[in-house]
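Data first, discussion second: the structure below is written as structure tokens.
Just so you know, all these numbers are worked out from the coordinates, no wet-lab data involved. On a predicted model such as this, the values are computed, not experimentally measured, just so you know. Here the Cβ positions follow ideal geometry from the backbone for every residue, glycine too, while neighbour counts run over all protein chains shown.
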Amino acid sequence: MAPESIGPLIDALSSQDTQVWALAEGALGNIGPAAKAAIATLEKRLNDKIQTSGWAPLKSLAKLAGPGQFVPVVIKCLPEVNRDNLDYTLDILVRYKEYARAAIPALLSILNKTAESTNIADIVLRGEVISALREIDGDTQAK
């Protein structure tokens, strides 16, 4: 895509039409680092509590910015993560664990809010969070 398309694609990110912004977000991600001007708009979309986009903007943000810039956005959104997106989120944090230590308090909060029960969903969630904590910071278990 031509550099001239970046501005209109960034403008399309503010569309209320899910298909329009999803196509724009995907195109910007495919352009890669040349489309860094879209980073602020993608971060805003991730922080939008009403969004229906799930974590799609994060995929493009990861292509446009380095982990030092997009992992903090993931951490900031962590308290709002639902169970459907938790696997993807934990995968990012573990993959970039050198940037993810700031996520430890939020992960411990998720762990503490999830009841120890016989509910299989709770058991799986707790296991995934504990595993991520061990990967990010092996000393967390002692704390």
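For the chain, a simple Cβ point-charge model (Lys and Arg +1, Asp and Glu -1, everything else neutral) yields a dipole of about 260 debye relative to the Cα centre. Once you list every other residue whose beta carbon is under 15 Å from the beta carbon of Ser5, what net charge do they have if Lys and Arg are +1 and Asp and Glu are -1? Surrounding charge for Ser5 is -2. Stokes-Einstein D for the chain at 4 °C, 1.567 mPa s, Kirkwood Rh over Cα pairs, in µm²/s? Rounded, D is 80 µm²/s. Arranged from fewest to most other beta-carbon atoms within 10 Å of their beta carbon, Leu86, Leu108, Leu93 become Leu108, Leu86, Leu93. Label-to-label distance, Asp139 versus Ile120, with points set 7 angstrom from Cα along the beta-carbon direction: 3.9 nm. The fraction of Cα-Cα pairs per 5 angstrom bin, counted from 0 for the stretch 66-143, comes to 3, 16, 30, 26, 16, 6, 2, 0 percent, rounded to whole percents.
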